[in-house]
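Everything below concerns the one structure shown next.
Every number here is computed from the coordinates shown, using simple stated rules; none is lab data. If you're wondering where the values come from, they're calculated on a predicted model, not measured in any experiment. Note: ideal-geometry Cβ built from the backbone for every residue, glycine included; neighbour counts use all protein chains shown.
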Amino acid sequence: MYTIGQTSEKTGFSRDTLRYYEKVGLIPPPSRLENGRRVYTDDDIETLHLLSSLKSTGLSIEEMTDIVKARKIALPNREKKNDEYRKSVQKKIAILHKHIQIMELQKQEIEKIIQASEEKIRHYEGLIK
């Protein structure tokens, strides 16, 4: 069990972000001590590490929520390989494929900007030679 401060240190998310993720349903409401303080479990930490990875790819809160919900369905059912499990995994795959396509387009745009910047550098270098 981890306090909100310990969880913040372990995951790199601020306390405010942890509260926000709880509010929007990305993580379940944590248990509370008698004094009302939040305590997080190892499962919560694991989910937060997943969210950190998803966030670093630029996924929206909504997309991260879809993946976390699909994960909650998939984990208990992964041994059964039932339809609900397959659908949840397929949903994750579809979201990630869509995001890869977006990042590929962004990569192409960035490469164009880099190329234009390199051309400007060559132009300016030519002016001082």
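Mind checking the dipole of the chain: about its Cα centre, +1 per Lys or Arg Cβ, -1 per Asp or Glu Cβ, Debye to the nearest 20?
Numbers: 24 positive and 20 negative charges, 53 e Å.
Dipole magnitude for the chain comes out near 260 debye.
For residue 3, what residues show an amide H to amide H distance below 5 Å, using hydrogens built from the backbone and excluding near sequence neighbours? For residue 3, whose amide H was placed from the backbone, the distant partners under 5 Å are 40.
Quickly estimate the mean residue ellipticity at 222 nm for the chain, helices only: each DSSP H run with n ≥ 4 gives -39500 (n - 2.57), and the total goes over all residues, rounded to 500. Don't jump to the answer; show the numbers that get you there.
Numbers: 5 runs with 96 residues, N = 129.
Dividing the helical sum by the residues of the chain leaves -25500 deg cm²/dmol.
Measuring against 19 Å, Cα to Cα, the residue pairs 23/92; 55/112; 72/92; 92/112 contain 23/92; 55/112; 92/112 as the ones spanning a longer distance.
3J(HN,Hα) along the range 58-71, derived from phi through the Karplus expression 6.51 cos²θ - 1.76 cosθ + 1.60 where θ = phi - 60°, amounts to x, 5, 6, 4, 4, 5, 5, 4, 4, 5, 5, 5, 5, 5 Hz, with x in place of Gly and Pro. Proximity of backbone amide H atoms, modeled 1.01 Å from N, is registered between residue 27 and 22 at under 5 Å, excluding neighbours fewer than 5 places apart on the same chain.
Extending 7 Å from Cα along the Cβ direction at residue 112 and again at residue 33 yields two label points whose distance is 5.5 nm. Counting neighbouring beta carbons within 10 Å and listing from fewest to most, the residues 95, 27, 128 come out as 128, 95, 27.
Add +1 for every Lys or Arg and -1 for every Asp or Glu among the other residues with Cβ under 14 Å from the Cβ of residue 10, and state the total. It works out to a net charge of -3.
Stretching residue 121 away from residue 99 to a fully extended chain increases their span by 4.7 nm, per 0.36 nm per residue minus the current alpha-carbon distance. In the chain, a dipole from Cβ-located charges (positive for Lys and Arg, negative for Asp and Glu) runs towards its positive end, and of 117, 14, 68 it is 68 whose Cα lies farthest in that direction.
Rounded, prolate or oblate: which fits the range 2-92, taking a ≥ b ≥ c as square roots of the Cα gyration tensor eigenvalues, rounded meaning a/c under 1.5, else prolate when a/b beats b/c? Since a/c reaches 1.5 and a/b is larger than b/c, the shape of the range 2-92 is classed as prolate.
Placing one equal scatterer on every Cα of the range 89-129 and applying the Debye formula, the log10 ratio I(q)/I(0) at q = 0.15, 0.35 Å⁻¹ is -0.52, -0.99. Phi angles across the range 41-54 convert, under the Karplus curve 6.51 cos²θ - 1.76 cosθ + 1.60 with θ = phi - 60°, into 3J(HN,Hα) values of 9, 4, 4, 4, 4, 4, 4, 5, 5, 4, 4, 4, 5, 5 Hz, Gly and Pro given as x. Contact order for the chain, expressed relative to its length and based on alpha carbon pairs under 8 Å spaced 6+ residues apart, stands at 17 percent.
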